[in-house]
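The values are calculated or read from the model by the stated rules, or taken from the named source; none is laboratory data. These numbers were taken from a predicted model, which means no experiment stands behind them. As a convention, Cβ positions derive from the backbone with ideal geometry for all residues, glycine included, and neighbour counts pool all protein chains shown. We work out accessible area using only protein heavy atoms, side chains counted, and drop any ligands, DNA or RNA first. Shrake-Rupley method; radii C 1.70, N 1.55, O 1.52, S 1.80 Å.
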Amino acid sequence: MSWLRRIRKLVDGDARAFRFRPEKFGGIVQLRWPRALVFIDRDFASSLGAKPTTRWEESPNELGAAPLSAPLEAHLQITNGCSVGCQGCYTGATPTPSSAEWGLDQWKVAIDELARMKVFHLALGGGESADLPWLGELAAYARDRGLVPNLTTSGLSNIDNVIRNAALFGQINISIDGLGERYQQVRGVAGFDQADAALVALRRVKREVGINVVVTKDNFDELDQLFAYARKRRLNEVELLRFKPAGRGRQVYEQLRCTDEQHRRLLPVLKAAALRHRVRVRVDCSYTPMLAHHQPDPSVLAKLSVYGCTAGDFLIGVKATGQVTGCSFAPAEPSRPKVTELRDYWSKPDAFGPYRAWRESAEPCRSCDYHHLCRGGCKVVSLRVHGDLSVPDPECPRVVAHSADRRSSRRRPPLPVVM
């Protein structure tokens, strides 16, 4: 059954089975089951009973031509406290949280703001959010305000707190970046057995449980085994995250980042593993350049909602102190807005400047057939390598080849002059 027919059936049966948010192009439908966000045009929205809004008074635009009216999801780093000390921690978490961190009441105010903007999902993380005694209360509050909270945890601390509140979350993923000794090699700490035990215990009480895998040079060749492990543990997804130079990860970036050859092999490797072990795979937005390298039909990628850097558009990040960032790996915005001020900041002309200015990307992005989807690749990597968020992603295979060609042309001796 097509998504459109499925939405129609839900509307005819129970209008409470979906939420709708108007956009210039039409709107976004959130289905409760199956869980999905579906983008529809104005005509279909009208057929569902949606009333014309002020956003429809403007000329309709293609998706991506302008920012959405609000993020689809907000990644909330609700604490920076964590006692584990992983070498690649993207936040640089510490055992003792800062006194400037927000507490439950402040996060509730933030959720009120996000609910008014009709954000759909929250991704709750840390640090280690399982250590917060009010984690369940915050998740319940988000549910009451119409947002779906999802959770990422290491599984190494207070897993009973997660299990006790598991029903409140849409999806819970445990971070497992390798099996057995590989886990310690990648993360710099021993913990696989404990994380595995947490995963087993959590899976007993919830179906929507998966693993997050930060892909590195050291665990790339183990991806198939990780998919096999996910199948064995009866997990519903494997989410692959590209290693990014953020937090403590900046110090080990050169040591752990994947090679260009591995990036070029990513799509066939994960496709084979997902099909072999029949496990759903998700990849984060920073991997779009690696997917585009294999030249799939751009229209297919668009239908699958495969986009590159969507910071300041589809998603935002929020630090433990409430400061808004383009994504959870990015530095705070220059004007340091708080998430409680997001509605005002969202509409400012210079909001999320380099992230929203992706159409101005230099070559080879500007002439790339996938530029409207990729949006210049991961800007956090660009910032680390070039000190500039607006530079094309230096790990994109096309950018790697373009840079090599430029270096080669500079070394090439000039042609002799024929008289």
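In a reduced charge model with +1 at each Lys and Arg Cβ and -1 at each Asp and Glu Cβ, the chain shows a dipole moment near 880 debye about its Cα centre. Between the listed residues THR54, THR94, HIS75, the Cα displaced farthest toward the positive end of the dipole of region 12-97, a dipole computed from Cβ unit charges relative to the Cα centre, is found at THR94.
Each label was represented as a point 7 Å from its Cα along the Cα-to-Cβ direction; for GLN87 and THR321 these points are 2.9 nm apart. Of the accessible area of region 198-266, computed with a 1.4 Å probe over protein heavy atoms only, carbon and sulfur atoms account for 43 percent.
Based on the inverse mean of 1/r over its pairs of different Cα atoms, what is the Kirkwood hydrodynamic radius of region 248-318, in Å?
Numbers: mean 1/r = 0.0709 Å⁻¹.
One decimal place: 14.1 Å for the Kirkwood radius.
Roughly how many debye, to the nearest 20, is the charge dipole of region 249-407 about its Cα centre, given +1 on each Lys and Arg Cβ, -1 on each Asp and Glu Cβ, and no other charges?
Here the size comes out at about 500 debye.
In a reduced charge model with +1 at each Lys and Arg Cβ and -1 at each Asp and Glu Cβ, region 202-303 shows a dipole moment near 660 debye about its Cα centre.
Taken as Cα centroids, region 28-86 and region 163-183 sit 26 Å apart, rounded to the nearest whole angstrom.
What the pair-distance distribution of region 17-167 shows, using all Cα-Cα distances binned every 5 Å from zero, is 2, 8, 17, 17, 16, 13, 10, 8, 6, 3, 1 percent.
Per-residue SASA remark: PHE20, around 50 Å² accessible (1.4 Å probe; ligands, DNA and RNA not included). Sorted from greatest to least, the principal axis extents spanned by the alpha carbons of region 278-419 come out as 71, 43, 23 Å. The residues ARG257, ARG5, ARG282, ARG356, sorted by heavy-atom accessible surface at 1.4 Å with ligands and nucleic acids left out, run ARG5, ARG282, ARG257, ARG356 from largest to smallest.
Just the number please: accessible area per residue for the chain, 1.4 Å probe, all protein chains included, in Å². Display every interim value, and only then the final one.
On the way: 19580 Å² over 419 residues.
The answer is 47 Å² per residue.
Computed from the Cα positions only, the extents of region 285-339 along the three principal axes stand at 41, 18, 17 Å, in decreasing order. Choose one of MET290, ALA274, ALA351: the residue whose Cα lies farthest towards the positive end of the charge dipole of the chain (beta-carbon charges +1 Lys, Arg; -1 Asp, Glu; about the Cα centre). Projecting each Cα onto the dipole axis, the largest value belongs to ALA274.
How many Å³ per residue does the convex hull of the Cα positions in the chain occupy? Write out the running numbers ahead of the final one.
On the way: hull volume 71.0 nm³, N = 419.
Looking at the chain, the number lands at 169 Å³ per residue.
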